[in-house]
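*Asks:* Starting off with a structure, shown below.
The values are calculated or read from the model by the stated rules, or taken from the named source; none is laboratory data. Not measured: the values here are computed from a predicted model. Cβ sites come from the backbone with ideal geometry, for glycine too, and all protein chains shown count toward neighbours.
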Amino acid sequence: MKITDILNKNCILVHRTIKTKEEALNLMIQTLAQSGQLTDPTEVQRVVWEREAIMSTGIGKGFALPHGKTNSVADTVGCFLTLDESINFDALDGLPVNTIFMLIGRENTVGTHLRMLSRISRLMNIDSFRIEVQSAVSSDEIYALFEREESTMF
């Protein structure tokens, strides 16, 4: 499974103005719900915040990877968000976040969920790729960047 298999172009949000972590996560969940990929957005919100309570998913270098597992999705889904201005995300490196990838998987797909987390983390750890994604101006452009990078890395 590739990132582009789980990332619907309608769930790529580009250069949004968001002020808080809560606002960002809620927007992403709402976007997934509006795309028809969630059966219970409230449950998804609960599992995402439950995971955030364990440890922030602000990985570092301006990137966050909030995630959770629930049967409120038919399959693994993703939502990607770039921000006009960085926000506090309680990131591990203490830096604010401007790029967020939310991953929601089914409870019984632990292997797939972990592989996708690893794949997303590896891509977003590449400085040049992260800069390209943050500079992109459309969902089509971001989707194409993921396609290109995945074809060369995996």
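*Asks:* Can you pull out every residue in the stretch 121-132 that is of a type in the set (Ser, Thr, Tyr) and either surrounded by 13 or more Cβ atoms within 10 Å (Cβ to Cβ) or at pLDDT below 95 (or both)? Quick ask: steps written out before the conclusion?
*Replies:* Narrowing the stretch 121-132 to residues of a type in the set (Ser, Thr, Tyr): 121, 128.
Answer for the stretch 121-132, where residues must be of a type in the set (Ser, Thr, Tyr) and either surrounded by 13 or more Cβ atoms within 10 Å (Cβ to Cβ) or at pLDDT below 95 (or both): just 121.
*Asks:* Give the stretch 1-32 a look and list any residue that's of a type in the set (A, V, I, L, M, F, W, C), surrounded by fewer than 20 Cβ atoms within 10 Å (Cβ to Cβ) and over 18 Å from residue 63 (Cα atoms), or say none.
*Replies:* If the condition is that a residue be of a type in the set (A, V, I, L, M, F, W, C), surrounded by fewer than 20 Cβ atoms within 10 Å (Cβ to Cβ) and over 18 Å from residue 63 (Cα atoms), then 1 is the only one that fits.
*Asks:* Does residue 145 fit the bill of being surrounded by fewer than 20 Cβ atoms within 10 Å (Cβ to Cβ), under 24 Å from residue 15 (Cβ atoms), touching an Asp or Glu at 6+ places or on another chain (Cβ under 6 Å) and among the aliphatic types (A, V, I, L, M)? Talk me through it step by step, then tell me what you get.
*Replies:* On the way: surrounded by fewer than 20 Cβ atoms within 10 Å (Cβ to Cβ): yes; under 24 Å from residue 15 (Cβ atoms): yes; touching an Asp or Glu at 6+ places or on another chain (Cβ under 6 Å): yes; among the aliphatic types (A, V, I, L, M): yes.
Answer is yes for this residue.
*Asks:* Residues that are free of Cβ contacts under 8 Å to residues at least 40 places away in the same chain, touching a helix residue (DSSP H, G or I) at 6+ places or on another chain (Cβ under 8 Å), surrounded by 15 or more Cβ atoms within 10 Å (Cβ to Cβ) and more than 21 Å from residue 142 (Cα to Cα): does the stretch 89-99 have at least one?
*Replies:* So far as the stretch 89-99 goes, no, none of its residues is free of Cβ contacts under 8 Å to residues at least 40 places away in the same chain, touching a helix residue (DSSP H, G or I) at 6+ places or on another chain (Cβ under 8 Å), surrounded by 15 or more Cβ atoms within 10 Å (Cβ to Cβ) and more than 21 Å from residue 142 (Cα to Cα).
*Asks:* May I ask you to list pairs of residues, at least six apart or on different chains, whose Cβ atoms are under 9 Å apart, with the first in the stretch 142-154 being within 19 Å of residue 78 (Cα to Cα) and the second being among the polar types (S, T, N, Q) and part of a helix (DSSP H, G or I)?
*Replies:* 143/4; 146/4; 147/4; 150/4
*Asks:* Sticking with this one: Considering each residue of the stretch 121-137, count those that are part of a loop (DSSP other than H, G, I, E, B) and either hydrophobic (A, V, I, L, M, F, W, C) or within 15 Å of residue 4 (Cα to Cα) (or both), and give that number. Write out each step before concluding.
*Replies:* Looking only at the stretch 121-137, we keep the residues that are part of a loop (DSSP other than H, G, I, E, B), and these are 125-126, 136-137.
Still in the list and also either hydrophobic (A, V, I, L, M, F, W, C) or within 15 Å of residue 4 (Cα to Cα) (or both): 126, 136-137.
Qualifying residue count for the region: 3.
*Asks:* Could you grab me the full set of residues in the stretch 48-62 that are surrounded by 17 or more Cβ atoms within 10 Å (Cβ to Cβ) and of a type in the set (Val, Ile, Thr)?
*Replies:* 48, 57, 59
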